[in-house]
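The block underneath contains the structure these notes are about, expressed in C-alpha cells.
The values are calculated or read from the model by the stated rules, or taken from the named source; none is laboratory data. It should be emphasised that the depicted structure is a prediction, and the values quoted were computed from it without experimental measurement. Glycine also receives a Cβ, built like all others from the backbone with ideal geometry; neighbour counts cover every protein chain displayed. These accessible areas exclude ligands, DNA and RNA; they are computed on the full protein's heavy atoms, side chains included. Shrake-Rupley method; radii C 1.70, N 1.55, O 1.52, S 1.80 Å.
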Number of protein chains: 2
Amino acid sequence: MDGTTDAVGTRGKRADAQRNIAAILDAALECLVRNPDANIAEIARRAGVGRVTLYGHFSSREDLIGQLFTRTLDRADRALDSVDLTGDPRAALSRLVASSWQIVDQFRHLLDAAQRSLPPARIRAAHEGPMRRIAGLIERGQAEGVFRTDLPATWMVALVHTVVHAAADEIADGRLAEQDAARVIDATLQAAYTPPAG
Amino acid sequence: MDGTTDAVGTRGKRADAQRNIAAILDAALECLVRNPDANIAEIARRAGVGRVTLYGHFSSREDLIGQLFTRTLDRADRALDSVDLTGDPRAALSRLVASSWQIVDQFRHLLDAAQRSLPPARIRAAHEGPMRRIAGLIERGQAEGVFRTDLPATWMVALVHTVVHAAADEIADGRLAEQDAARVIDATLQAAYTPPAG
C-alpha cells in the first residue's frame with residue numbers, strides 16, 4: 001500500500017467501522033427491548049457481525065449497553081425538543097411528563113438492562129439532558145407561584161424521574177395497568193407540586 | 001464417639017453454627033453499613049471466623065447480603081410495631097414514614113449493597129412486612145375519605161417506597177441535605193395523597 005491508497009483505505013475502514021458500530025447499537029436495542037438479558041452472541045448475530053468485530057468496538061456487554069443507553073437518552077432528549085413548554089407550567093408539565101413516559105415505556109427493557117449492568121451514577125449522567133429540561137420548567141413554575149417553593153427544585157426534578165420509573169417497575173411487576181400509567185404519573189406529580197394549602 | 005457424646009456433640013455443633021451465623025451476619029452489617037463494597041474476607045475477619053466457615057454457612061457474598069437484608073427488614077418491621085397507626089390517617093402516615101425513614105437512613109449502605117447484588121424481586125419481597133403496614137393505613141385513609149381514591153392503593157404504597165428511597169439516593173449524591181429528608185419526604189407524600197380539589 002502506498003500513501004494514497006493508505007489514506008483512502010483508512011477512510012474506507014473508518015466508514016465501515018461507523019456502519020458496524022451503528023448496526024451493533026441498532027441490533028442491541030432491538031434485542032434488549034425484547035429481552036433485557038439478551039447476550040453478546042445474539043446481538044452480534046442480529047447485527048450481522050462476528051463477535052470479534054463486536055468486541056473490537058465495545059469492550060464488554062456493559063460498555064455496549066452503556067453506549068446504547070447514552071445514545072437512546074440523547075435521542076430522547078432531542079425528541080422532547082418538540083414538546084411545548086410555554087404557557088401554564090402545570091399544563092406544560094403534563095405534556096412533558098406524558099412524552100417522557102412514552103419514551104420510558106418504549107425503552108423499558110433497555111432501562112432494565114442498564115439498571116442491572118451500569119453503575120447508578122452512569123444512569124444518572126445519561127439522564128442529564130431530560131433532567132435539565134424538567135429543572136427549567138420547575139424553576140419557572142416556582143417563580144410564577146404555580147409550583148410549591150417549600151421543597152428544593154432539585155428534589156422536585158428527582159421526583160419526576162423516580163415517579164416515572166416507579167410506574168415502569170409497577171407495570172413490570174403486574175401491579176399497575178399500562179393504560180393507567182400516564183394518568184397516575186401526572187396526577188401524582190401535579191399533586192406533589194401544588195403549593196400546600198396555607 | 002459413642003451415641004451419647006455424638007448427640008451432645010451434634011447439639012453443641014448446632015449451637016456453634018448458630019453463634020457463627022449470628023456473628024457473621026452482625027459483622028456483615030457492621031462492615032456493609034460503613035462500606036457497601038466490603039468483601040467476604042473483611043467480613044470473616046471481623047466475625048472472627050475463617051473464610052471456610054463463612055462459606056460453610058453462606059454460599060456466596062450475594063447469599064450473605066440476601067440473608068442479612070431479610071433479617072434487617074424483619075427487625076425493621078418489628079420496630080415499626082411501636083408506631084401508633086390509630087387516629088387521623090395523615091398524622092399516622094407522618095409517624096410511620098418518619099420511623100421508616102430513620103431505619104432506611106441508618107441502613108442506607110446495606111441497601112446500596114443489596115441493590116447492587118440482589119435481584120429487584122428479592123428486594124421487594126424483603127419489604128413485604130413494612131409495605132403491608134403502609135397498605136393497611138392507606139386503605140383506612142381512603143375509606144375515611146382523607147386520602148384520595150382516584151389512584152390505586154397499590155400505587156400509593158409503591159410511592160412511599162419510591163419517595164423514601166429517592167431521598168436516600170439524593171442524599172448519597174449530595175443533592176439533598178440529610179436533615180431536610182424527613183420533612184421533604186413527608187411533604188411530598190402528604191401532598192400526593194390528598195384528594196384533588198374538586
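Numerical summary
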| item | result |
| --- | --- |
| One residue from B:ARG61, B:ARG78 being within 20 Å of the chain's Cα centre (by Cα) and more than 26 Å from B:VAL184 (Cα to Cα) | B:ARG61 |
| Selected residue [at the interface with chain A (Cβ under 9 Å from one of its Cβ atoms), farther than 27 Å from B:PHE69 by Cβ and either hydroxyl-bearing (Ser, Thr, Tyr) or surrounded by 16 or more Cβ atoms within 10 Å (Cβ to Cβ) (or both)] from B:ALA191, B:ALA197 | B:ALA191 |
| Of all residues making up the stretch A:31-65, the number that are touching a helix residue (DSSP H, G or I) at 6+ places or on another chain (Cβ under 6 Å) and either under 18 Å from A:HIS109 (Cα atoms) or charged (D, E, K, R) (or both) | 14 |
| Search result, residues across the stretch A:158-181 that are open to solvent by less than 50 Å² (accessible area, probe 1.4 Å), more than 9 Å from chain B (Cβ to nearest Cβ) and more than 16 Å from B:ALA191 (Cα to Cα) | A:VAL164, A:ALA168, A:ILE171, A:ALA181 |
| Cβ pairs under 8 Å, 6+ apart, first in the stretch B:73-90 and without any contact (Cβ under 8 Å) to a residue 60 or more places away in the chain, second open to solvent by 50 Å² or more (accessible area, probe 1.4 Å) and outside any helix (DSSP H, G or I) | B:PRO89/B:GLU144 |
| Residues (within 9 Å of another protein chain (Cβ to nearest Cβ) and within 17 Å of A:ALA187 (Cα to Cα)) located in the stretch B:124-155 | B:ARG148, B:ASP150, B:LEU151, B:PRO152, B:THR154, B:TRP155 |
| Residues located in the stretch A:47-56, provided they are crowded, with 17+ Cβ neighbours inside 10 Å and in a helix (DSSP H, G or I) | A:ALA47, A:THR53, A:LEU54 |
| Residues located in the stretch B:77-95, provided they are open to solvent by 50 Å² or more (accessible area, probe 1.4 Å) and either not in a helix (DSSP H, G or I) or not polar (S, T, N, Q) (or both) | B:ARG78, B:ALA79, B:ASP81, B:ASP84, B:THR86, B:ASP88, B:ARG90, B:ARG95 |
| A:GLN115 being part of a helix (DSSP H, G or I), at pLDDT below 95, exposed (fewer than 15 other Cβ atoms within 10 Å of the Cβ) and out of contact with any Asp or Glu (no Cβ under 9 Å at 6 or more places or on another chain) | no |
